[in-house]
Amino acid sequence: MGLTYKEIICFLGLHHRILISERTLKRKLASMNLYRRKNKTSLISVSEFLSKLIMADGMQSGYRWMYQRCLLAGYRVSRLTVSGLLSILDPEGVELRRRKRLRRRKYYAKGPNYLWHVDSYDKLKNYGICINGCIDGYSRKIIWCEATYSSSDPRIVAGHFISSVEKLGSCPRKVRGDRGTENKRIEEIQSVLTNHGSFIYGPSTGNQRIEAFWRHLRMECCQFWIEFFGYLRDVGHFTGDILDKNLVQFVFMEFVQKDIDDAVSVWNTHRIRPTRNGGPSGKPCILYCLPELEGTKDYSTQVDPDILGICRNRCLFNQNNPGDTDMLHLFKLLMEENELSSPGNVDEACDLYQTLRHLANYEIYNL
């Protein structure tokens, strides 16, 4: 354990009521062939032990921690020796720790459509707009990213999935998502289309591929809308009730989706730099459509059109899912009665929102 003589004596006295001097302790240790500087473990044995730790849970550990693990495992070795061996066995890790960097695990996907990552983005959910997306794990190409009225209805999320499968003409080998109820229908459909269980559950925070895209989407698109809707809330034009959320969906959904589409287009055509954590470099759209350039192939699975049609009947699609139909009819009626036109930009949409909000409140609450 690497205890000093003084620590051993105190431990024996306080916990075992054994009182001995340091000289007696040294004599006892010598009689048991226990020495601090003698009988060192061979470097080969220590190297093998350290190599196993580096390949497992010790890849982030420094030499002090590894030295302590050697002692606990019964190896007699100095801290300086452990430090030197780590410099030889894992120079990259030593350099990363010197720079206070973590070594990330390597991501692995064989090729396009080998693994899709599905997740929901809830930063605009408080304002009635939910975003659901999917990214190809190998190429990082966005398969879909849709602003919807709900991200918790499994039929809506499954509708995005089926639409993408129909467009592709095949389905991915595997799909990964969190354990939310919204992914249950995709799991069922994926199992039917591939004839085997091919849905992987995992925490949303570990869904690293799509989490990287969410950061991009926040910066390029959603931050504007977070601040915009936050302003409406701060000045009293949004209270979070059913009327306000449905009105936000009715007026602003189209503009939010357009900004999302623009962000997706930029993402799919930007160049990914080489990294140490695995994965090819290049433009996602090229990596997805031309996997042969990287020496791999498309791993999608062909689907039966009849089975796909049956699965489609279990889904909801954006055009068939207008949210609250009563509110939708009310807003359209108010626009017709007051000769209000559809907005062409965000400023016009903001004016329409405030006008409809006033008219709808008067119509419903006589305010």
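The values are calculated or read from the model by the stated rules, or taken from the named source; none is laboratory data. No experiment lies behind these values; they were computed from the predicted model shown. Glycine gets a Cβ as well: all are built from the backbone with ideal geometry, and neighbour counts include every protein chain shown.
Things worth noting here:
- Counting residues in segment 256-267 that are modelled with pLDDT of 90 or more, assigned by TED's automatic domain parsing to the domain that holds Met219 and over 30 Å from Asn183 (Cα atoms) gives zero.
- Segment 157-178 - residue that is closer than 15 Å to Thr301 by Cβ and aliphatic (A, V, I, L, M) and, of those, surrounded by the fewest Cβ atoms within 10 Å (Cβ to Cβ): Leu168
- Residue count, segment 270-300 (criterion: assigned to a helix (DSSP H, G or I), surrounded by fewer than 16 Cβ atoms within 10 Å (Cβ to Cβ) and at pLDDT 90 or above): 2
- Among the candidates Cys311, Cys350, the residue that is surrounded by 17 or more Cβ atoms within 10 Å (Cβ to Cβ), within 34 Å of the chain's Cα centre (by Cα) and at pLDDT below 95 is uniquely Cys311.
- Test set (1) in the same structural domain as Ile162 (by TED's automatic domain parsing); (2) surrounded by 17 or more Cβ atoms within 10 Å (Cβ to Cβ); (3) in a helix (DSSP H, G or I) - Phe331 fails condition number: (1)
- Residue within segment 153-168 that is at positive phi and either assigned by TED's automatic domain parsing to the domain that holds Asp259 or within 18 Å of the chain's Cα centre (by Cα) (or both) present: no
- If you check Leu232, Leu217 for being within 26 Å of Val264 (Cα to Cα) and in the same structural domain as Val264 (by TED's automatic domain parsing), only one passes: Leu217.
- Filter pass, Leu80 being at pLDDT 85 or above, more than 27 Å from Thr301 (Cα to Cα), touching a Leu at 6+ places or on another chain (Cβ under 9 Å) and assigned to a helix (DSSP H, G or I): no
- Number of the condition not met by Ser341 [criteria: (1) of a type in the set (S, T, N, Q); (2) modelled with pLDDT of 90 or more; (3) surrounded by 12 or more Cβ atoms within 10 Å (Cβ to Cβ)]: (3)
- Scan of segment 86-130 for residues that are aliphatic (A, V, I, L, M) and modelled with pLDDT of 90 or more, ordered by number: Leu115, Val118, Leu124, Ile129
- Filtering segment 215-238 to residues that are aromatic (Phe, Trp, Tyr), touching a residue at least 60 places away in the same chain (Cβ under 8 Å) and surrounded by fewer than 19 Cβ atoms within 10 Å (Cβ to Cβ) leaves only Phe228.
- Of all residues in segment 176-189, at least one satisfies being in contact with a Leu (Cβ under 7 Å, 6 or more places away or on another chain) and modelled with pLDDT of 90 or more.
- Hits in segment 122-154 (condition: touching an Asp or Glu at 6+ places or on another chain (Cβ under 6 Å) and of a type in the set (Asp, Glu)): none
- Sole residue being over 21 Å from the mean Cα position of the chain (by Cα), aromatic (Phe, Trp, Tyr) and not assigned by TED's automatic domain parsing to the domain that holds Glu294, chosen from Tyr149, Tyr75, Tyr127: Tyr75
- For segment 285-309, a residue qualifies if it is closer than 30 Å to Gln249 by Cβ and either among the hydrophobic types (A, V, I, L, M, F, W, C) or touching a Lys or Arg at 6+ places or on another chain (Cβ under 9 Å) (or both), and exactly one does: Leu308.
- Put simply, of Gly202, Gly197 the only residue that is free of Cβ contacts under 8 Å to residues at least 12 places away in the same chain and surrounded by fewer than 22 Cβ atoms within 10 Å (Cβ to Cβ) is Gly197.
- Breaking point among (1) exposed (fewer than 15 other Cβ atoms within 10 Å of the Cβ); (2) in contact (Cβ under 8 Å) with a residue 40 or more places away in the chain; (3) under 22 Å from Ala349 (Cα atoms), for Gln208: (3)
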